[in-house]
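Peer 1: Shown below is the structure under consideration.
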Amino acid sequence: MSYRACAYTYDLSCIWYRLFCSVLVANSAQLDFIRDIESAHNTKAKYIAITGSTYLDELSLKQDSNKNLNKDSNTILVSPSWGKESLLFKFGLDLLLPLAQSGYHIIIRPHPQSFISKDENENIKYLQESLQSYSNIK
């Protein structure tokens, strides 16, 4: 717990807590954490509202509506770094073909920086062309 500029305000990892305020939290684990803080400091229990996390809630809705993914199967995300030492540049099809042939849903998300480098961009185009016949690759 680290003390912040305003008196009675604490930065509790991802929760800002003020001793004299109501509290909005994303989930019940954070609610329990606030209750533990109140107990440790012997302060009056305050109103806590579980509001969720807009980003995660929207992401969940998007996945629920995504018809491209079969919910009964597993999905593998390949999300490499960029540069000549990156996964896609170094291993390319040697890595991706066995994944494509596995039957799992594979999502390949190259690092955005990879599209700037001429060599990496060409490699990504080559990989896309080589894997286009696999319907389980996105």
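The values are calculated or read from the model by the stated rules, or taken from the named source; none is laboratory data. Values in this document were obtained by computation on a predicted structure and should not be read as measured data. As a convention, Cβ positions derive from the backbone with ideal geometry for all residues, glycine included, and neighbour counts pool all protein chains shown.
Peer 1: Is there a residue being at pLDDT below 80 and closer than 30 Å to Asn121 by Cα anywhere in the range 73-84?
Peer 2: From the range 73-84, those at pLDDT below 80 are 73; that's our starting set.
Pick out the ones that are also closer than 30 Å to Asn121 by Cα and you get none.
No, the range 73-84 has no match at all.
Peer 1: Out of the range 22-37, which residues are more than 22 Å from the chain's Cα centre (by Cα) and of a type in the set (S, T, N, Q)?
Peer 2: Once the filter is applied, which keeps residues that are more than 22 Å from the chain's Cα centre (by Cα) and of a type in the set (S, T, N, Q), the range 22-37 yields only Ser22.
Peer 1: Do you know which of the residues in the range 102-118 that are polar (S, T, N, Q) and either part of a helix (DSSP H, G or I) or at pLDDT 90 or above (or both) is farthest from Ile137 (Cα to Cα)? Lay out the reasoning, then the answer.
Peer 2: In the first step, residues of the range 102-118 are kept if they are polar (S, T, N, Q); the result is 102, 113-114, 117.
Restricting the remaining residues to those that are either part of a helix (DSSP H, G or I) or at pLDDT 90 or above (or both) gives 113-114.
Working: Gln113: 21, Ser114: 19 Å.
Per the criteria, the residue is Gln113.
Peer 1: Collect the residues in the range 105-138 that are exposed (fewer than 14 other Cβ atoms within 10 Å of the Cβ) and hydroxyl-bearing (Ser, Thr, Tyr), keeping them in residue-number order.
Peer 2: Start the filter on the range 105-138 by keeping residues that are exposed (fewer than 14 other Cβ atoms within 10 Å of the Cβ), which leaves 109, 112-113, 115-116, 118-119, 121-122, 125-126, 128-129, 132-133, 135.
Tyr126, Ser133, Ser135, listed by residue number.
Peer 1: Right, next: Residues in the range 75-101 that are part of a loop (DSSP other than H, G, I, E, B) and surrounded by 13 or more Cβ atoms within 10 Å (Cβ to Cβ): how many? First the steps, then the outcome.
Peer 2: Taking the range 75-101 first, the residues part of a loop (DSSP other than H, G, I, E, B) are 79-86.
Filter again for surrounded by 13 or more Cβ atoms within 10 Å (Cβ to Cβ), leaving 80-83, 86.
Residues flagged as part of a loop (DSSP other than H, G, I, E, B) and surrounded by 13 or more Cβ atoms within 10 Å (Cβ to Cβ) within the range 75-101 amount to 5.
Peer 1: Quick one: which residue in Ser130, Ser135 is of a type in the set (S, T, N, Q), at pLDDT 90 or above and part of a loop (DSSP other than H, G, I, E, B)?
Peer 2: It is Ser135.
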